[in-house]
1. Would you work out the relative contact order for the chain, in percent, from Cα pairs under 8 angstrom that are 6 or more residues apart?
2. Within the accessible area of segment 1-102, what % is carbon and sulfur when the probe is 1.4 Å and the other protein chains stay in place?
3. Give, in nm to one decimal, the length gained when the segment between residue 67 and residue 39 is fully stretched (0.36 nm per residue of separation minus the Cα-Cα distance).
4. Compare the Cα positions of 19, 72, 59 along the charge dipole of the chain (+1 at Cβ of Lys, Arg; -1 at Cβ of Asp, Glu; about the Cα centre) and return the one farthest towards the positive end.
5. Per residue, how much accessible area does the chain have with a 1.4 Å probe, in Å²?
6. Run the simple label-point estimate for residue 18 and residue 56 please: 7 Å along Cα→C-beta, distance reported in nm.
7. Run the quick spin-label model on residue 6 and residue 87: label points 7 Å from Cα toward the beta carbon, then report their separation in nm to one decimal.
8. Residues with beta-carbon under 10 Å from that of residue 93, excluding residue 93: net charge, scoring Lys, Arg +1 and Asp, Glu -1?
Amino acid sequence: VQLQASGGGMVEPGGSLRLSCVASGCVFGFDTLGWHRQAPGNQRSLVAVIISGGTTNYVDSVKGRFTISRDNAGNMVYLQMNDLKPEDTAVYYCKANCRGRVFWGQGTQVTVSS
């Protein structure tokens, strides 16, 4: 299984970014795809997840601002981030669950600063 994330960058408060992750190598399809983030000095934590049936779950701090989605083939997962805040600054990681095993992509830096 391989995960390749992209789309990070620097943006001013109130701006938007869209993260993408290409997921491959899970023969029967990914059970869940999601995004976690880790800010300096903090543990990695869940941002959003989408399961194979389309159900989504978000951490409270991003509800109403972030939207997770996946393509019909189930191999791409996106995180649309709107109204970004400085506290959203972190390295964002794509995470996938394939047949009970967890896989991580490389991180992509998101910096929100004026």
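The values are calculated or read from the model by the stated rules, or taken from the named source; none is laboratory data. What you see is a predicted model, and the numbers here were worked out from it, not measured in a lab. FYI the Cβ positions are ideal-geometry reconstructions off the backbone, even for glycines, and counts take in every protein chain you see. Protein only, heavy atoms only, side chains kept; ligands, DNA and RNA dropped before computing areas. Shrake-Rupley method; radii C 1.70, N 1.55, O 1.52, S 1.80 Å.
1. 38 percent
2. Of the solvent-accessible surface of segment 1-102, carbon and sulfur hold 47 percent.
3. In short, 8.1 nm is gained.
4. 72
5. 53 Å²
6. Taking the simple label geometry, residue 18 and residue 56 are separated by 1.3 nm.
7. 3.2 nm
8. +3
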